[in-house]
Each structure stands twice: as C-alpha cells, then as structure tokens.
Amino acid sequence: MTIDGATDLHPLAVVERPSFESAADPVTVVDLFAGCGGLTLGVAQAADHVGRGVDVRLAVEFDQVAADVYLANFPDARDVKVEDITTLFSSELDEPLTKTEKLLREKVGGLDVLVGGPPCQGHSNLNNHTRRDDPKNALYAIMARAARVLSPDVIVIENVPAVLNDKYKAMNAVSVVRERLAALGYEVSDRVVSLHELGVPQKRKRHVLLATRNDKKALEIFDSLPLETTGGVDLEWAIGDLVEQASNGPFDRAPTPSAENTKRMRYLLAEDEYDLPNHLRPKCHQGKHSYKSMYGRLRWKEPAQTITSGFGSIGQGRYMHPELPRALTPHEAARIQGFPDYFAFDKATTRSALATMIGNAVPPQLARQLLLGVLTSITND
Ligand SMILES: C[S@@+](CC[C@H](N)C(=O)[O-])C[C@H]1O[C@@H](n2cnc3c(N)ncnc32)[C@H](O)[C@@H]1O
C-alpha cells in the first residue's frame with residue numbers, strides 16, 4: 001500500500017508482520033502490565049532494526065482480552081500470564097525473595113530488557129485528593145522489585161507525567177524506584193518525553209524512567225533522542241489513507257453518534273469550524289468552561305490530541321474526524337497510537353474492549369527509540 005502515490009511503504013500501512021522471532025541473537029524481554037503489547041512491539045522493532053530477533057520470556061496482564069491480543073501478536077512468547085501482578089511479585093523492595101519470585105527468576109533466565117507501564121489512573125490530575133494514597137502507586141514500585149528478581153540489563157518504565165507527584169510510603173514514588181534501582185547497580189535517568197518528537201502523530205507526553213547497566217548510559221540515550229525521525233507525522237500522515245476504508249466490523253467503524261452530536265458535527269463541517277460554539281454545547285458547558293477541545297474537530301495538518309479510551313465519542317475530547325461527521329474508528333486510533341496495520345486487534349471483538357486497549361496502549365515508537373539507543377550502544381561497544 002502506498003500513500004500519496006509514493007513508492008515507499010507507509011510505515012503504519014504495512015500489513016506484513018516482520019518475522020521478529022526468527023533473527024539470531026534475540027533480545028530477551030519481560031513485559032509487565034503488558035496490555036496489548038505496545039512496549040514489546042517497540043522493543044521488537046528496535047531489535048529488528050539492528051538485525052536481532054526478540055524472545056518474550058514473560059508477559060503479565062490481568063485483562064483476558066488484552067492478553068489474547070498480546071499473544072496473537074507475539075505467538076512465540078514463552079509465557080503470557082493472565083494474572084494480577086501482585087500475586088507474582090511483592091511490592092516490598094527489601095524483603096527476601098518469595099518462592100514464586102525465585103521460580104520466576106529461574107524460568108525467565110538471563111534477561112536483557114524489562115519493560116512496564118503500570119496503570120496510571122491513580123495519577124490522574126482529576127484525582128488530586130486521592131492520588132497520594134492510591135494503592136496503584138504500589139504497582140509502580142513493583143517494577144523495582146521485579147528488577148531485583150529478574151536482574152535485567154535495561155529497564156523502561158512508562159507512565160503519565162503526573163506520576164512525579166505520586167507518593168509511595170510517604171515518599172515520591174519515582175524517587176523510591178530510582179533510589180532502589182541505583183542501589184541495585186543501575187544508572188537511572190527519567191524525564192517527560194514528547195511522543196510527537198519521537199515520531200508519534202499525537203500530542204502525548206509521557207514520563208519515562210530508563211535504567212541501564214553494563215556500560216550503557218541512560219542519560220546519554222535520553223540526550224540522543226530522537227534517534228530517527230519518521231518526518232511529517234501529522235494526522236493526515238497517520239490516517240489520511242483510511243478515509244475510504246470500508247466498515248468491516250468494529251475495528252473500522254466509529255460508534256453511531258447521537259442525533260445531537262451528529263448535528264454538532266454537521267455544523268462544524270458546514271461552517272468549516274474546529275471548536276464547537278457554546279450555544280451548541282450541552283447546557284452545563286454553555287457558560288465559561290475549559291473544555292474547548294471537547295466536541296472539537298481534528299485538523300489534518302496537526303498531530304492528534306492524546307488518544308484515550310474515549311476516542312469514539314466527540315463528547316470526550318477532540319475526536320471528530322477532520323472531514324466526516326463521525327468520531328475516530330479504533331483502526332484510526334490505533335494508527336495514531338503508532339500501531340502498524342500488521343498488528344492484529346481481532347481478538348478484541350467489542351468496541352469497548354478495543355477502546356480500552358488502544359487508549360491504554362503505549363505507542364511502540366517510545367520503546368523503539370529508547371531501545372535503538374541501547375542496542376546501538378551495545379553494538380558499538
Ligand atoms: C497503561 S496499560 C499498559 C499498556 C501496555 N504497556 C502497552 O504498551 O500497550 C496498563 C495495563 O496494566 C493492566 N493491569 C493493571 N493492574 C494490573 C495488575 N495488578 N496486574 C496485571 N495487570 C494489571 C491493565 O489491564 C492495563 O492493560
């Protein structure tokens with residue numbers, strides 16, 4: 001498939017999956033809170049770029065559908081556990097290893113890369129009163145415990161920027177994990193990364209903690225980003241070729257909008273406007289409000305707004321298609337999250353499962369760029 005008549009394959013429109021598992025000298029990976037596998041895909045893409053394969057030793061995800069999608073895309077993964085991570089790893093950082101942890105360590109074996117995107121609802125800015133005590137912050141700390149158990153060479157922990165305000169046992173959760181990893185011998189660095197600068201067609205910012213050892217330099221890797229730009233990554237680049245895509249099942253169909261929302265979208269198209277005027281908003285938004293992007297229409301020549309699980313409803317954010325009276329389809333949202341067409345979401349058969357999984361996913365480009373830095377520095381050693 002080509003875009004704009006170009007002869008090069010558009011990276012998101014590639015339908016043939018690279019054979020990530022067949023190359024020699026595979027990078028071994030464990031993915032915790034794996035979701036559908038955005039972080040694993042990024043590691044696999046980076047490994048492929050330097051001529052190496054990927055060997056998933058363990059993925060853990062307690063949502064059955066997300067785990068099914070993960071396994072469909074990484075069928076050679078040795079172990080995909082559909083379990084609560086707290087049954088596998090303790091969140092206490094210093095206690096002796098449990099029997100389960102010792103067994104996991106043995107089963108996983110020598111590990112190159114540990115990735116994890118602990119759930120971030122606990123860090124939401126909308127949740128100011130409770131976030132300091134939210135038990136989800138203990139899940140962040142589990143990444144340090146997992147590092148102690150599995151002893152990987154490289155650790156990538158992804159989260160929302162607001163994780164920097166979170167507390168674990170009266171201390172800042174990120175600082176606790178940083179200190180713990182440093183005590184285990186890692187060089188640790190963390191920063192808020194703009195995913196658009198890494199080639200993701202979206203205004204998404206993420207907090208990333210990178211820990212390395214064996215002469216790879218976390219700080220230098222951050223400083224060298226982006227290692228490769230895809231160029232011109234606006235919305236048109238990401239989904240412009242999907243305008244005519246037939247609606248074959250939930251993946252390529254936007255939810256049917258309410259009569260009220262259809263009226264709003266027709267107004268924006270007829271007037272060539274991008275923000276809905278107050279008089280067409282629900283009554284509670286008609287005064288002074290800070291919801292400008294809600295009910296908004298996306299622009300072709302800009303990156304999309306952050307994709308959340310609400311991408312199928314214009315009342316949840318700026319999710320209206322630039323030229324059609326509908327919200328985004330899961331296929332379009334997956335593209336905006338950086339998933340190429342070869343990534344199979346068919347195991348998610350309902351709109352809500354697709355919305356949750358795609359909204360939760362980490363754009364593969366993030367792990368791809370970080371790991372390119374790591375693997376290049378290994379190759380150059
Ligand atoms: C931010 S998403 C991770 C996205 C994933 N890293 C990706 O790249 O697509 C967090 C995931 O953690 C899972 N999760 C949350 N709490 C969990 C727990 N206690 N045990 C296992 N999985 C959990 C959620 O179901 C969700 O899929």
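The values are calculated or read from the model by the stated rules, or taken from the named source; none is laboratory data. A quick note: this is a predicted structure, and the numbers were derived from the prediction, not measured. Methodologically, a virtual Cβ is constructed for each residue, glycine included, from the backbone with ideal geometry; neighbour enumeration extends over all protein chains shown.
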In the set 54, 65, 50, 14, which member is of a type in the set (Val, Ile, Thr) and not assigned by TED's automatic domain parsing to the domain that holds residue 113? 14
One residue from 116, 122 being at pLDDT 90 or above, surrounded by 13 or more Cβ atoms within 10 Å (Cβ to Cβ) and within 16 Å of the ligand (Cβ to nearest atom): 116
Do we have residue 311 as over 19 Å from residue 201 (Cα atoms), of a type in the set (Phe, Trp, Tyr), touching a helix residue (DSSP H, G or I) at 6+ places or on another chain (Cβ under 8 Å) and surrounded by 17 or more Cβ atoms within 10 Å (Cβ to Cβ) here? no
Failed criterion for residue 225 (all others in (1) at pLDDT 85 or above; (2) outside the structural domain of residue 325 (by TED's automatic domain parsing); (3) not in a helix (DSSP H, G or I) hold): (1)
In this structure, does residue 101 turn out to be of a type in the set (D, E, K, R), outside any strand (DSSP E or B) and within 12 Å of the ligand (Cβ to nearest atom)? no
Report, by residue number, each residue of the range 67-94 that is assigned to a loop (DSSP other than H, G, I, E, B), within 12 Å of the ligand (Cβ to nearest atom) and surrounded by fewer than 22 Cβ atoms within 10 Å (Cβ to Cβ). 82, 83, 84, 88, 91
Scan of the range 151-180 for residues that are touching a residue at least 40 places away in the same chain (Cβ under 8 Å) and in a strand (DSSP E or B), ordered by number: 154, 155, 156, 157, 158, 159
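So, in the range 283-299, of the ones that are exposed (fewer than 13 other Cβ atoms within 10 Å of the Cβ) and of a type outside the set (Gly, Ala, Ser), which residue ends up farthest from residue 329 (Cα to Cα)?
First, the residues of the range 283-299 that are exposed (fewer than 13 other Cβ atoms within 10 Å of the Cβ): 283-284, 286-290, 292.
Filter once more, keeping what is of a type outside the set (Gly, Ala, Ser): 283-284, 286, 288-289, 292.
Values: 283: 27, 284: 27, 286: 28, 288: 31, 289: 28, 292: 22 Å.
Checked the range 283-299; the qualifying residue farthest from residue 329 (Cα to Cα) is 288.
With respect to residue 277, is the statement that it is at pLDDT below 95 and either touching a Phe, Trp or Tyr at 6+ places or on another chain (Cβ under 9 Å) or outside the structural domain of residue 344 (by TED's automatic domain parsing) (or both) true?
So residue 277 fits the description; yes.
In the range 44-66, which residues are near the ligand (Cβ under 10 Å from one of its atoms) and either closer than 18 Å to residue 309 by Cα or of a type outside the set (Gly, Ala, Ser) (or both)?
First pass over the range 44-66, keeping only residues near the ligand (Cβ under 10 Å from one of its atoms): 59-66.
Result: 60, 61, 62, 63, 64, 65, 66.
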Sort out which residues of the range 356-375 are surrounded by fewer than 24 Cβ atoms within 10 Å (Cβ to Cβ) and either within 14 Å of the ligand (Cβ to nearest atom) or of a type in the set (Lys, Arg) (or both), and write them in order of number. 356, 359, 360
Could you list all residues from the range 22-45 that are buried (at least 16 other Cβ atoms within 10 Å of the Cβ) and at pLDDT below 95? 23
